[in-house]
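Asker: Please read through the structure below; I'll follow up with questions.
The values are calculated or read from the model by the stated rules, or taken from the named source; none is laboratory data. Since the model is a prediction, treat every value here as computed from it, not as a measurement. All Cβ positions, even for glycine, are placed from backbone atoms using ideal geometry, and neighbour counts span all protein chains on display. For accessibility, only protein heavy atoms count, side chains too; no ligands or nucleic acids. Shrake-Rupley method; radii C 1.70, N 1.55, O 1.52, S 1.80 Å.
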Amino acid sequence: MFPKIPGVSALQSSVWANQSSGASKGNSSKTAKDFYSKLSSPYAYQRAVWILYDINNFINSTQSTLKDVQALRRAIRERNFSPSAIGKKFVPQQPCTPYAEQQTAEILADFDSFRGSEYTTLGDGVALRRLINDKFRNNELSKSGTTTYHIAHSEALNYQKLVENYDKAVDGLFAHQIKILTNHLAHKLTISSAELESIQRKRNKSAKVRSLLDTLTTPSKRRKSPEKTALSFKSALERVHSELARDMFHC
């Protein structure tokens, strides 16, 4: 019997435990083994995955700037080296968009929750710090690389409309519509089951839409064609909110 951990089903806990025990038998990839071995429990593992996923999306988002990414990195560093900063409200030190302020605050709230949880250890906190540092270090050029990626697809008409009308989707969708939309995109394999889970766990409907749109506009092997991805979103949106689809894509 696996322990009951908040936010983690018994089945999922058993899967992660089996992955961990199977690692020594060579049943998992080296990357998965190395990642799992840094953390003490399925709970810590899942929460770390979600935090790293959100940081990656923020770095690659069409709505964030390099300065926004650097501000997030500074805020996390401050929490790592000054425990009194944990739980502190994020106040931008420089002008930033509502998107960047909201996303940064949400990532920091998840980070604070991880560090303060009775289900994580001091070692988990150290492991997460190193994993986050690696994420930022490996993505130092990612912001300029992402900009190049978006410029390279500037002629992808529907993709550009998706990027330009980002806020319309955030403001125009209701919670039940977001659920139908994301489930449809997962069914069509536009987003993975893990991405779906990360999107659906968000605290409110605006956060869910931002997470979905950031996922769709982040380069991925699953989404090799930005234009096809945008068309998949457009098709799914037409099912739940045809008027918003016409407004966003001018059709």
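Asker: Pairs please, first residue from segment 155-173 and closer than 16 Å to Glu243 by Cα, second anywhere and open to solvent by less than 20 Å² (accessible area, probe 1.4 Å) and of a type in the set (D, E, K, R), Cβ atoms under 8 Å, 6+ apart in sequence or on different chains.
Answerer: Close Cβ pairs (under 8 Å, with a partner that is open to solvent by less than 20 Å² (accessible area, probe 1.4 Å) and of a type in the set (D, E, K, R)) amount to Val170/Arg210.
Asker: Another one. Which pairs do you get when a residue that is closer than 19 Å to Phe90 by Cβ, found in segment 112-138, comes within reach of a residue that is among the aromatic types (Phe, Trp, Tyr), reach meaning Cβ atoms under 7 angstrom, with the pair 6+ apart or on two chains?
Answerer: Final answer for the pair search is Leu128/Phe114.
Asker: Now, a different point. Can you tell me which of Arg115, Arg73, Arg79, Arg47 is modelled with pLDDT of 90 or more, within 21 Å of Gln200 (Cα to Cα) and among the basic types (Lys, Arg)?
Answerer: Going through Arg115, Arg73, Arg79, Arg47 in turn, the sole match is Arg47.
Asker: Could you tell me which numbered condition Thr120 fails, if it satisfies all but one of (1) assigned to a helix (DSSP H, G or I); (2) modelled with pLDDT of 90 or more?
Answerer: Failing condition for Thr120: (1).
Asker: For segment 87-107, name all the residues that are of a type in the set (D, E, K, R) and open to solvent by less than 60 Å² (accessible area, probe 1.4 Å).
Answerer: Listed by number, the list holds a single entry, Glu106.
Asker: Restricting attention to segment 179-219, and to residues there that are polar (S, T, N, Q), more than 18 Å from Lys168 (Cα to Cα) and in a loop (DSSP other than H, G, I, E, B), which single residue is nearest to the chain's Cα centre (by Cα)?
Answerer: Looking at the filtered set, the residue picked out is Thr218.
Asker: For segment 60-107, which positions are in a loop (DSSP other than H, G, I, E, B) and closer than 20 Å to Arg129 by Cβ?
Answerer: Within segment 60-107, Ser82, Ile86, Gly87, Lys88, Phe90 qualify.
Asker: Still on this structure: Enumerate the pairs (first residue in segment 78-94 and at positive phi; second residue anywhere and open to solvent by 100 Å² or more (accessible area, probe 1.4 Å) and in a loop (DSSP other than H, G, I, E, B)) with beta-carbon separation below 6 Å, excluding pairs fewer than 6 apart on the same chain, so at least 6 apart or on different chains.
Answerer: Taking only residues 6 or more apart or on different chains, not a single pair turns up.
Asker: Report yes if Leu237 is open to solvent by less than 60 Å² (accessible area, probe 1.4 Å) and in a helix (DSSP H, G or I), otherwise no.
Answerer: yes
Asker: Right, here's the next one. Among the candidates Ser154, Ser144, which residue alone is part of a helix (DSSP H, G or I), among the hydroxyl-bearing types (Ser, Thr, Tyr) and at pLDDT below 85?
Answerer: After ruling out the rest, the residue left standing is Ser144.
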